[in-house]
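Some notes on the structure that comes next.
The values are calculated or read from the model by the stated rules, or taken from the named source; none is laboratory data. From a predicted model like this one, the values you see are computed outputs, not experimental measurements. Please note: Cβ atoms are built from the backbone with ideal geometry, for glycine as well, and neighbour counts cover all protein chains shown.
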């Protein structure tokens, strides 16, 4: 008798569980939102490098150029918070053919330029200080956080529109969202790389050498909606 009662209880429990896990009719769709914005500031990576047989000498040459750079940036009226040393490097290598040591000294500085109209003037002034490396220019926007939110909303709206299209074709209606999955990935634009080229300051100042373009902010989402 006890065994019979246990079996019946197991059957009822299994049936109850089956009812609980009864799948709700649903539709899974993905959505994408894209927002474009014109950059309003840039981060410029510059550097100076010297090579020679004497470590102290190449270090002195580097230090002299860096001193000139910092003085120039101060004269350019950039806030101290807008430029920063990122890397200081002194390396010794041995040339087995010439049987002598060679020393390489380098220093990298990043400069944040918040007025892009001053780019050409800034860059020519920096070249005049003696820098011999421009490692990259990365464009940024101060509105990224706000625009990321807009892109996410646009992605959700896109997903819902798709769901309504499919549901309409099935003579059904879209219900509540059951699950939302954010598939967005942080995108770091590849910096624009430049090679140094000696030019007369007067010739370069009359040119426009910066193509700002646009930053594209993208959000991707997958949403499961119930169908009614």
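Consider residue 31 carefully, then state whether it is under 30 Å from residue 149 (Cβ atoms), assigned to a strand (DSSP E or B) and at pLDDT 90 or above.
Working: under 30 Å from residue 149 (Cβ atoms): yes; assigned to a strand (DSSP E or B): yes; at pLDDT 90 or above: yes.
When the stated conditions are applied, residue 31 passes them.
Specify which of the listed residues (141, 181, 149) is touching a strand residue (DSSP E or B) at 6+ places or on another chain (Cβ under 6 Å), modelled with pLDDT of 90 or more, within 24 Å of residue 34 (Cα to Cα) and exposed (fewer than 15 other Cβ atoms within 10 Å of the Cβ).
After applying the criteria, what remains is 181.
Taking the listed residues 128, 165, 158, the one that is in a helix (DSSP H, G or I) and touching a helix residue (DSSP H, G or I) at 6+ places or on another chain (Cβ under 8 Å) is 128, with no other qualifying.
State yes or no: is residue 119 part of a helix (DSSP H, G or I), at negative phi and in contact with a helix residue (DSSP H, G or I) (Cβ under 6 Å, 6 or more places away or on another chain)? Spell out how you get there, then give the answer.
Working: part of a helix (DSSP H, G or I): yes; at negative phi: yes; in contact with a helix residue (DSSP H, G or I) (Cβ under 6 Å, 6 or more places away or on another chain): no.
No, not satisfied.
One line per residue, one yes/no per condition, for (1) touching a strand residue (DSSP E or B) at 6+ places or on another chain (Cβ under 6 Å); (2) free of Cβ contacts under 8 Å to residues at least 24 places away in the same chain:
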{"position": "72", "(1), (2)": "no, no"}
{"position": "78", "(1), (2)": "no, no"}
{"position": "86", "(1), (2)": "yes, no"}
{"position": "89", "(1), (2)": "yes, yes"}
{"position": "92", "(1), (2)": "yes, no"}
{"position": "98", "(1), (2)": "no, yes"}
{"position": "112", "(1), (2)": "yes, no"}
{"position": "120", "(1), (2)": "no, no"}
